[in-house]
Structure formats: C-alpha cells, structure tokens
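Novice: Below is the structure I would like to discuss, written out as structure tokens.
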Amino acid sequence: MLLALVAWRAWPLVVISSELNLKGAVIAVMPSEFFTPPARKPDEIRSGMAHPGFDFPKLAVQAIFCPRSMRRGHAFWCNDPALSNAKAEELSQILSDPATYQPWLGEKGCGGFHADWYLCWGSGDDLHEVILCEGCHEALIYYAGGFIRCDLDKKAYEKIVAITATRSES
C-alpha cells in the first residue's frame, strides 16, 4: 500500500522529466489580446518546486513528501503565501499586456523549462492560466483549451523578476 502511494505521488515526475507537460504548445506566434489574462489580481498564485534539470532529487522528495499542487503537469507548493496582493496585482498588469510576450525562439541553454510561477484567473470557459519560467524567460499561456509557449520581452522580464524577488515583502 505504501509503495502504491509513493508511486502515485511520484507519477508527476515522469511527466515533468519527459517534458510531456510542454507538448502541444503553439509556438512561434504572438498571443492575441484574447489569450492574455485580465489585468486584475489572480484568483490563484503559486510558486514552483525545485528545478527538474538542476535539482531532480530535491524535486522528487518535494513532490512525493510535501504538500503540492499539480497544475498543467508542473509541481507547485500548496499553502504558499507566494506574493502579497499588491505584488500579485503588479504582476498581473504586466502579464495582461500583449507586449510582454514575444514569439518563442526555441530551447534555451538554461537547463530546461521550470515552472517558477503559476497564476490563474476565472474558471470554466473563462479560465486564463500563465506559467512563468524565470530561467528561460518564457511563459506558457493557457486559454480556451489551447496554450502558447512564448518568450518574455526583456523589459517585461526584468519587471517580473523585480516583483517575484520581493515575494516575502508585503
């Protein structure tokens, strides 16, 4: 029974390490305003667990033994204070701007996509989700059953990092 529980908790590691969670993304296009999230505080925001390329053993321990939330095949912390309301609103203003996103130019030499942040707005047919990788300077934008993999504009990326680096501030 214990082995079955560990296997069930470890299953997402297969998806993460094989990058199945990135398959099917539309690439090399600019997202339309239709795809970008609204300019309001996200309904949910979570920070990512350890990097699968740089610290897989730590990620495995976290995913199996720590409270976690799986979103779109990526592992995030549960009960994580993530960002203050003010910082979350600042971040959503940046993410709602179509100029934040650039066409994806391909894999980076940074160890692979790592879900650093998850943000979502709405529910049902109006669910917008964004997963950010600060190492790759990329975003996955989900809406209406599809998703786009984008690079982040340099200025927008710098603003995002300035906000997320202050996560413990109020």
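Novice: Accessible area of THR164, 1.4 Å probe, to the nearest 10 Å²?
Specialist: 10 Å²
Novice: Still on this structure: Suppose every K and R has +1 on its Cβ and every D and E has -1 on its Cβ; what is the size of the dipole of the range 1-151 about the Cα centre, in Debye to the nearest 20?
Specialist: Using only the charged Cβ atoms, the result is roughly 500 debye.
Novice: Within the set of other residues whose C-beta is less than 14 Å from the C-beta of PHE65, count the net charge using Lys and Arg as +1 and Asp and Glu as -1.
Specialist: It works out to a net charge of +3.
Novice: Summing +1 for each Lys or Arg and -1 for each Asp or Glu, what net charge is found among the other residues whose Cβ lies under 15 Å from the Cβ of LEU22?
Specialist: On the way: positive: LYS23, ARG71, ARG72, LYS108, ARG149; negative: GLU19, GLU107, ASP116, GLU129, GLU138, ASP151.
Value of the local net charge: -1.
Novice: Let me ask something additional. For the chain, can you list the cysteines whose C-beta has no other cysteine C-beta under 4.7 Å from it?
Specialist: CYS66, CYS78, CYS110, CYS120, CYS150
Novice: Here's something else I'd like to know. With axes computed from alpha carbons, what is the tilt in degrees of helix 85-95 against the longest principal axis of the chain, rounded to the nearest 10 within 0 to 90?
Specialist: 70 degrees
Novice: Need one value: the accessible area of LEU105 in square angstrom, 1.4 angstrom probe, rounded to the nearest 10.
Specialist: Estimated to the nearest 10 Å², LEU105 gives 150 Å².
Novice: Here's a follow-up. Just going by the charge dipole of the chain, with Lys and Arg at +1 and Asp and Glu at -1 on Cβ, which of TRP104, CYS133, PRO37 is farthest out on the positive end?
Specialist: CYS133
Novice: To the nearest 10 square angstrom, how much accessible area does CYS110 have with a 1.4 angstrom probe?
Specialist: Counting only protein heavy atoms, CYS110 exposes about 30 Å² to solvent.
Novice: Which FRET efficiency, nearest 0.05, do SER84 and LYS58 yield, Cβ-Cβ r, R0 30 Å?
Specialist: So the FRET efficiency works out to roughly 0.70.
Novice: Here's another thing I want to ask about it. If packing is taken as the mean number of other Cβ atoms within 10 Å per residue, what is the order of 64-76, 9-21, highest first? If you can, show how the numbers build up before the last one.
Specialist: Working: 64-76: 17.2, 9-21: 15.4.
Highest mean packing first, the order is 64-76, 9-21.
The values are calculated or read from the model by the stated rules, or taken from the named source; none is laboratory data. Only a predicted model underlies this, so the values are computations on that prediction, with no experimental measurement involved. When we count neighbours, we look across all protein chains shown, and the Cβ atoms used for this are built from the backbone with ideal geometry, even at glycine. Accessible surface is based on the protein model in full, side chains and every heavy atom, while ligands, DNA and RNA are left aside. Shrake-Rupley method; radii C 1.70, N 1.55, O 1.52, S 1.80 Å.
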